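The values are calculated or read from the model by the stated rules, or taken from the named source; none is laboratory data. For clarity, every value in this text was computed on a predicted model and none was experimentally measured. Backbone-built Cβ (ideal geometry, glycine too); neighbour counts: all protein chains shown.
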């Protein structure tokens, strides 16, 4: 993908968002007791809370790695945004909501990033 003069902006945004997802995913797997309380009591598909937390941690790690490597950027950004919308919908208003809103904004920015940079030839 050709990012033109915005290549550094895209790199920083992808790497920063990816680092957050990667860090949280690893932390979920390492410190499950700290994260288990964020999961609802009834998990879809009959999964246990422990299993759901591990799957979520692995998903976050995968999203983080794909964002950092910038592989499949639109698909990865879409998955990150949907995941964050799910978190916002299921968690409601709490002390860390603003972080999730910011991450959602970053995901949406990557999702809607133009495929090609076009130079403006406007005579302003």
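Name the one entry in 61, 87 that is surrounded by 14 or more Cβ atoms within 10 Å (Cβ to Cβ) and modelled with pLDDT of 90 or more.
On the way: 87 fails: modelled with pLDDT of 90 or more.
Just one listed residue meets the conditions, 61.
Based on what the data block shows, is residue 53 under 20 Å from residue 100 (Cβ atoms) and modelled with pLDDT of 90 or more?
Details: under 20 Å from residue 100 (Cβ atoms): yes; modelled with pLDDT of 90 or more: yes.
Yes.
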*Sole exception among (1) touching a helix residue (DSSP H, G or I) at 6+ places or on another chain (Cβ under 8 Å); (2) more than 16 Å from residue 15 (Cα to Cα); (3) free of Cβ contacts under 8 Å to residues at least 40 places away in the same chain for residue 52, by number*: (1)
*Name the residues in segment 106-124 that are exposed (fewer than 13 other Cβ atoms within 10 Å of the Cβ) and at pLDDT 90 or above, would you?*
112
